[in-house]
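The values are calculated or read from the model by the stated rules, or taken from the named source; none is laboratory data. All of these numbers come straight from a predicted model, not from anything done at the bench. All Cβ positions, even for glycine, are placed from backbone atoms using ideal geometry, and neighbour counts span all protein chains on display. For the accessible areas, the whole protein counts, side chains as well, though only heavy atoms, and no ligand, DNA or RNA atoms are used. Shrake-Rupley method; radii C 1.70, N 1.55, O 1.52, S 1.80 Å.
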Amino acid sequence: MSTAQDTFREFLEVLTDALDEHDASAEDLAGRLYLSRFHLDRLVSSVAGEPPARLRRRLLLERAAYRLATTDLAIIDVAVEAGYASHEAFTRAFERGFGRPPSRWRIRPDRFTVDAPSGAHFHPPGSIRLPAPTKVSSMDLLIRMVEHHVWLTEQMIDRAARLPDAALDEAIDYGLDDDPEVMTIRRLLSRLVGQMDMWNSALAHQEYDFGIETHESIASLRSRCAEQSGVYLDHVRRTVSEGRLEDTFIDSTCTPAAVFTYGGMIAHVLTFAAHRRTMVVRALDAHGITDLGWGDPMRWVAEPA
């Protein structure tokens, strides 16, 4: 990364903290980076394709669009927050950036960003984000989803260890009427771990003993998850990296033997595990363990690994 790019990223960090400091001059912001205004303008413009002052006004305008779409603030209040002294000045700037005056845009908002060469934009609720330095492929996302599944299963086992046996074995309305088994936190966790264990066994052409899932202890769950999740993740990562999701394997433990693709197997695990995980985190929540929320991977997979 060049010096100019480094300075640009540092400037965005300073700007994030100073967006509402409308009295802070360009010289003030440059001083926080120990640069003259001339050098800051030159370096930022070379990377961003626009000088710092224009970049700042654009980011404030993007934030104003976000405020218009997500709050009931009066347009003049949004304008003042964005650093405009009058409704008219804000309306002119907003229409240039978004193609419609704020009153009309608010009725049917369609985007929060104004085109910019650098790709740096206001990122709700209160930060500035540059484009990712690398593109995330669908295969990267698949791996992150499996990693989240493993992580959440481990976390749920840890939380379940806080509960007495009566809570672990309390019947849960599983929502599948054709399932003859009574589902409990213990049983669902055993199946989540057992699912990975079962497929590891199938890939190794070994029998899987479903009996281990009968009233399994927390200690056994923790130990088995630590062992089997690592093996399963290794299968997934290797299959993805080698581009073999469409390759087939024979599950000789079935009667009769069945043929599956690796991609189909991973999709099967994630699909059925999603419902079971949700049942567990909701049951934990009912017993006062609330920190896992709904177990939603949405934010988790978006964070750096």
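Only one of SER25, SER103, SER45 is among the hydroxyl-bearing types (Ser, Thr, Tyr) and either in contact with a helix residue (DSSP H, G or I) (Cβ under 6 Å, 6 or more places away or on another chain) or surrounded by 15 or more Cβ atoms within 10 Å (Cβ to Cβ) (or both); which?
Sole residue among the options that is among the hydroxyl-bearing types (Ser, Thr, Tyr) and either in contact with a helix residue (DSSP H, G or I) (Cβ under 6 Å, 6 or more places away or on another chain) or surrounded by 15 or more Cβ atoms within 10 Å (Cβ to Cβ) (or both): SER45.
THR255 fails exactly one of the following numbered conditions: (1) within 16 Å of VAL150 (Cα to Cα); (2) open to solvent by 40 Å² or more (accessible area, probe 1.4 Å); (3) in a loop (DSSP other than H, G, I, E, B). What is the number of that condition?
Going through the list (1) within 16 Å of VAL150 (Cα to Cα); (2) open to solvent by 40 Å² or more (accessible area, probe 1.4 Å); (3) in a loop (DSSP other than H, G, I, E, B), THR255 breaks only (1).
Given the residues ARG238, ARG244, which is the only one that is at pLDDT below 95, open to solvent by 30 Å² or more (accessible area, probe 1.4 Å) and either under 25 Å from ASP158 (Cβ atoms) or not in a helix (DSSP H, G or I) (or both)?
Result of the check over ARG238, ARG244: ARG244.
Quick check: is even one residue across the stretch 117-137 modelled with pLDDT of 90 or more, β-branched (Val, Ile, Thr) and over 30 Å from VAL80 (Cβ atoms)?
no
Any idea which of ARG144, ARG162 is part of a helix (DSSP H, G or I) and on the phi < 0 side of the Ramachandran plot?
ARG144
Please go through the stretch 214-235 and pick out each residue that is open to solvent by 60 Å² or more (accessible area, probe 1.4 Å) and more than 24 Å from LEU142 (Cβ to Cβ).
Once the filter is applied, which keeps residues that are open to solvent by 60 Å² or more (accessible area, probe 1.4 Å) and more than 24 Å from LEU142 (Cβ to Cβ), the stretch 214-235 yields THR214, HIS215, ALA219, ARG222, SER223.
Return the pairs, sorted by first residue and then second, in which the second residue is not in a helix (DSSP H, G or I), the first residue lies in the stretch 31-46 and is more than 12 Å from GLU10 (Cα to Cα), the beta carbons are less than 7 Å apart, and the residues are 6+ apart or on different chains.
ASP41/PRO51; SER45/PRO51
Residues are listed down the side, and each one gets a yes or a no for (1) under 25 Å from the mean Cα position of the chain (by Cα); (2) among the charged types (D, E, K, R); (3) closer than 21 Å to ALA274 by Cα; (4) open to solvent by less than 20 Å² (accessible area, probe 1.4 Å):
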| site | (1), (2), (3), (4) |
| --- | --- |
| GLU88 | no, yes, no, no |
| ARG92 | no, yes, no, no |
| ARG111 | yes, yes, no, no |
| PRO117 | no, no, no, no |
| PRO125 | yes, no, no, no |
| GLU154 | yes, yes, yes, no |
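Restricting the stretch 140-152 to residues that are of a type outside the set (D, E, K, R) and over 15 Å from SER229 (Cβ atoms), which is surrounded by the fewest Cβ atoms within 10 Å (Cβ to Cβ)?
That would be LEU141.
Given the options ARG32, ARG56, name the one that is open to solvent by 40 Å² or more (accessible area, probe 1.4 Å) and not small (Gly, Ala, Ser).
None of the other options fit; the residue is ARG32.
Looking at the stretch 202-221, is at least one residue under 23 Å from THR261 (Cβ atoms) and without any contact (Cβ under 8 Å) to a residue 12 or more places away in the chain?
yes
Of these, LEU189, LEU163, which one is surrounded by 20 or more Cβ atoms within 10 Å (Cβ to Cβ) and at pLDDT 95 or above?
Going through LEU189, LEU163 in turn, just one is surrounded by 20 or more Cβ atoms within 10 Å (Cβ to Cβ) and at pLDDT 95 or above: LEU189.
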